[in-house]
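This report concerns only the one structure given below.
The values are calculated or read from the model by the stated rules, or taken from the named source; none is laboratory data. None of these values were measured; they are calculated from a predicted model. Counting neighbours? That spans all protein chains shown, and the Cβs are built from the backbone with ideal geometry, glycine included. For accessibility, only protein heavy atoms count, side chains too; no ligands or nucleic acids. Shrake-Rupley method; radii C 1.70, N 1.55, O 1.52, S 1.80 Å.
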Amino acid sequence: MPLFGGKESDVFDAIEDHLEAVMKTLESFRKLMDAYLNGDLEGAKALEEEVSRLESEADNLRRGIELMLYEGAFLPASRGDYVRLSELVDQVADAAESAAHVLILAKPKVPDEIKEGILKLVNSAIETYDVLMEAVKALNRDVDEALKLAKETEDREEKADVVEYSVKEGVFESETVTTYAKLIWNQVLTKIGDIADRAEDASDQVLLMSVKRRG
């Protein structure tokens, strides 16, 4: 059962729309990575444009949330928390867009031995965000559940870190990857890892808001 009504309920509806928009950005990014790793550069380029478009849509929704808050939803003391939360969630989409831009601009060659690891990292990062989504949604119905899911988000981010390190290790140890490609893949993999990192940052905000709510 929702904990809030009125303007607050409208804000939560907008927050859920924003969460979904960020997820659409990530799903498009996943398709981009799959296309690129399978040699479909034209398809990957088209998906880069889609990622940028979806990220812009998410950003517009974030601005809408902030406007609703400044127009009087929630008590003044709580508004800053929700503004900060929406900003942190939005940075997840920013990270995906940044990774897409570097990849398509630099076009590093893809060694067969790291394809599986890269996709594993992409999936791990997106799974971290998926748990964050549920944590944010839980803020409007069960703060204890929000707290639990925020902590689970942190656990998922740590797993993504392990995957990121493993893939980078494979890149730098590879004898078939050029020095140029190694440097580019290091950037791309770091930015993919940033998806999980930014999700964890947002989970810290959920944690803080949950603790405040419990008093």
Scanning segment 91-117 residue by residue, those more than 26 Å from Tyr129 (Cα to Cα) and hydroxyl-bearing (Ser, Thr, Tyr) turn out to be none
Counting only residues that are surrounded by fewer than 21 Cβ atoms within 10 Å (Cβ to Cβ) and either of a type in the set (A, V, I, L, M) or assigned to a helix (DSSP H, G or I) (or both), how many does segment 20-42 have? 11
Hey, Glu87 open to solvent by 10 Å² or more (accessible area, probe 1.4 Å), without any contact (Cβ under 8 Å) to a residue 12 or more places away in the chain and either out of contact with any helix residue (DSSP H, G or I) (no Cβ under 8 Å at 6 or more places or on another chain) or farther than 12 Å from Ala199 by Cβ (or both) or not: no
Do the conditions hold for Gly170, that is, is it under 19 Å from Ala44 (Cα atoms), assigned to a helix (DSSP H, G or I) and in contact (Cβ under 8 Å) with a residue 40 or more places away in the chain? no
Might you check whether a residue that is touching a helix residue (DSSP H, G or I) at 6+ places or on another chain (Cβ under 8 Å), among the hydroxyl-bearing types (Ser, Thr, Tyr), surrounded by 22 or more Cβ atoms within 10 Å (Cβ to Cβ) and in contact (Cβ under 8 Å) with a residue 60 or more places away in the chain occurs anywhere in segment 93-111? no
Leading residue by the ranking (nearest to Leu26 (Cα to Cα)) among those in segment 46-68 that are surrounded by fewer than 17 Cβ atoms within 10 Å (Cβ to Cβ) and among the basic types (Lys, Arg): Arg53
Lone qualifier among Val122, Val92, Val83 - being in a helix (DSSP H, G or I), closer than 22 Å to Gly64 by Cα and at pLDDT 95 or above: Val92
Give all pairs with beta carbons closer than 6 Å in which a residue from segment 43-67 that is closer than 12 Å to Asp90 by Cβ and assigned to a helix (DSSP H, G or I) meets a residue that is open to solvent by 60 Å² or more (accessible area, probe 1.4 Å) and not basic (Lys, Arg); count only pairs at least 6 apart in sequence or on separate chains. Leu61/Asp17
Give the number of residues within segment 176-215 that are surrounded by 15 or more Cβ atoms within 10 Å (Cβ to Cβ) and not in a helix (DSSP H, G or I). 1
Residue in segment 69-81 that is within 22 Å of Ala196 (Cα to Cα), within 17 Å of the chain's Cα centre (by Cα) and open to solvent by 10 Å² or more (accessible area, probe 1.4 Å) present: no
Could you check segment 91-121 and list, in sequence order, the residues that are of a type in the set (Gly, Ala, Ser) and closer than 13 Å to Tyr36 by Cα? Ala99, Ala100, Ala106
From the set of residues in segment 134-155 that are within 23 Å of Leu189 (Cβ to Cβ) and in contact with an Asp or Glu (Cβ under 9 Å, 6 or more places away or on another chain), which is most open to solvent (accessible area, probe 1.4 Å)? Glu154
